[in-house]
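I am attaching a structure below and will ask some questions about it afterwards.
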Amino acid sequence: MKKDLMRLVDLMLSISHLIRQGSKRSRRVTPLSAIGLRTLMFISSRKRVTMSDVADHLGVRAPTATSMINHLAKEKLVSRAATGGDRRIVLLQVTSKGRQEAQKVLERVGHKFNLLFQGLSAKDKNQFIKTLEKIIQNYQKINV
């Protein structure tokens with residue numbers, strides 16, 4: 001078991017390193033970070049998104065989400081809209097520039113993922129997705 005654990009840790013650290021390297025290279029092309037892309041994708045996928053929704057989805061505290069949204073707003077990738085009721089609740093929307101930036105990154109990332117997963121069947125890809133989701137769930141349980 002110890003050998004399996006060592007191999008698993010080595011693989012996870014290798015993947016983490018490769019992702020960080022790729023992210024550094026991508027920043028030369030776009031100001032959009034990986035977490036920025038996740039945020040834009042999340043906001044785009046829902047009709048009504050608040051700052052709290054973003055914080056919950058990303059697993060960060062509200063001030064961290066606010067800082068991230070401030071950066072995206074400064075880059076004109078998201079906009080804020082006041083609700084009719086509670087002035088403290090602000091709805092977030094992806095701008096057309098935000099959609100364009102996200103699309104550019106997704107196309108580049110999609111191409112890389114297609115290369116990474118070539119040779120895997122659809123069944124293997126689906127099993128990989130399920131495994132990653134389970135790992136994330138387990139991680140969230142132990143880091144509550």
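Would the range 121-132 turn up any residue that is of a type in the set (Asp, Glu), at pLDDT 90 or above, in the same structural domain as Ala55 (by TED's automatic domain parsing) and under 18 Å from the mean Cα position of the chain (by Cα)?
For the range 121-132, residues of a type in the set (Asp, Glu), at pLDDT 90 or above, in the same structural domain as Ala55 (by TED's automatic domain parsing) and under 18 Å from the mean Cα position of the chain (by Cα): absent.
Follow-up. Answer with yes or no whether Gly98 is assigned by TED's automatic domain parsing to the domain that holds Gln137, small (Gly, Ala, Ser), farther than 24 Å from Gln137 by Cα and in a helix (DSSP H, G or I).
yes
Related question: I need the full set of residues from the range 49-72 which are part of a helix (DSSP H, G or I) and among the β-branched types (Val, Ile, Thr), in order please.
Across the range 49-72, the qualifying residues are Val54, Thr64, Thr66, Ile69.
Between a first residue in the range 33-60 that is in contact (Cβ under 8 Å) with a residue 24 or more places away in the chain and a second residue that is of a type in the set (S, T, N, Q), which pairs have beta carbons less than 8 Å apart while being 6 or more apart in sequence or on different chains?
These pairs meet every condition: Ile43/Gln93; Val49/Gln93; Met51/Thr66; Val54/Thr39; Gly59/Gln140.
Which condition number does Gly85 fail, the rest of (1) outside any loop (DSSP other than H, G, I, E, B); (2) more than 26 Å from Gln140 (Cα to Cα); (3) not basic (Lys, Arg) being met?
Result: Gly85 fails condition (1) only.
Now, a different point. Which residues, taken from the range 47-56, are at pLDDT 90 or above and either touching a Gly at 6+ places or on another chain (Cβ under 8 Å) or under 24 Å from Lys97 (Cβ atoms) (or both)?
Val49, Thr50, Met51, Asp53, Val54, Ala55
Another question, then. Determine if the range 25-35 includes at least one residue that is at pLDDT 85 or above and part of a helix (DSSP H, G or I).
yes
Also, I was wondering about something else. I'd like to verify a number: residues in the range 5-19 that are exposed (fewer than 10 other Cβ atoms within 10 Å of the Cβ) and modelled with pLDDT under 85, how many?
Within the range 5-19, residues that are exposed (fewer than 10 other Cβ atoms within 10 Å of the Cβ) and modelled with pLDDT under 85 number 0.
From (1) more than 15 Å from Leu37 (Cα to Cα); (2) part of a helix (DSSP H, G or I); (3) charged (D, E, K, R), pick out the condition that doesn't hold for Glu107.
For Glu107, the failing item is (1).
The values are calculated or read from the model by the stated rules, or taken from the named source; none is laboratory data. On a predicted model such as this, the values are computed, not experimentally measured, just so you know. A quick note on method: Cβ atoms are made from the backbone with ideal geometry, for glycine too, and the neighbour counts reach across all protein chains shown.
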